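Just so it is clear, none of the values below were taken in a lab; they were calculated from the coordinates. Given the structure is predicted, the values throughout are model-derived calculations rather than measurements. Cβ placement follows ideal geometry from the backbone for every residue including glycine, while neighbour counts extend to all protein chains displayed.
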Amino acid sequence: MPIPASIGIAHRPPELGVREAGALGLAGAAALASLEAADVRSADTVLISGATGGVGSLAVQLAAARGARVIATARGGEEDEFVRGLGADGVVDYTADLAGQVGDVDGRPPPRG
């Protein structure tokens, strides 16, 4: 059965198993849909929660590719390095004072609440 090219078929990289490649498409679609729903553009600053996960790590890359300033949540150490390697401009530790850290990274005071 022929598949129309408009469906967006992509070749699976040989280093990825079928399951991993299938999950990548779902996570990528979720990340893209989230950024489109938020209308993320090049002048925006975006906070991506769960940046070390499947959807979050792809959202970091997609937002950075759009030129947005990306602040990601992750723990320090290897997780911090990982999300910076994906394109995050700043990283905040989600186990600590999130609002204060975002304000420090973003250069703006945290919201009152």
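Which is the longest run of the chain containing none of the trypsin sites (Lys or Arg not before Pro) found in DSSP loop states (not H, G, I, E, B) with at most 16 other C-beta atoms within 10 Å? Of all site-free stretches, the longest is 1-40.
A quarter of the convex hull surface defined by the alpha-carbon atoms of the stretch 35-102 gives 4.1 nm² as the mean projection.
For every helix of n ≥ 4 consecutive DSSP H residues, a contribution of -39,500 (n - 2.57) applies; sum these over the chain, divide by its total residues, and give [θ] at 222 nm rounded to the nearest 500 deg cm²/dmol.
After summing the helix terms and dividing by the residues of the chain, the value is -14000 deg cm²/dmol.
Each Lys and Arg Cβ is given +1 and each Asp and Glu Cβ -1; about its Cα centre, the chain then shows a dipole of about 340 debye. How many angstrom lie between the C-alpha centres of the stretch 34-111 and the stretch 13-29? Between the Cα centre of the stretch 34-111 and that of the stretch 13-29, the gap is 23 Å. Only one residue of 91, 105, 29 has its Cα farthest out toward the positive end of the dipole of the stretch 22-113, where Lys and Arg carry +1 and Asp and Glu -1 on Cβ, and that residue is 29. Can you tally the net charge around residue 93? Count Lys and Arg as +1, Asp and Glu as -1, for every other residue whose Cβ sits under 12 Å from the Cβ of residue 93. Net charge in that neighbourhood comes out at -3. Ordering 53, 72, 17 by the projection of their Cα atoms onto the charge dipole of the chain, which places +1 on the Cβ of Lys and Arg and -1 on the Cβ of Asp and Glu, puts 17 at the extreme positive end.
Over the stretch 15-106, calculate the relative contact order: mean separation of alpha carbon pairs under 8 Å at least 6 apart, over the residue count, as a percent. The partial results should precede the final answer.
Details: 137 pairs, mean separation 20.6, N = 92.
Rounded, it is 22 percent for the stretch 15-106.
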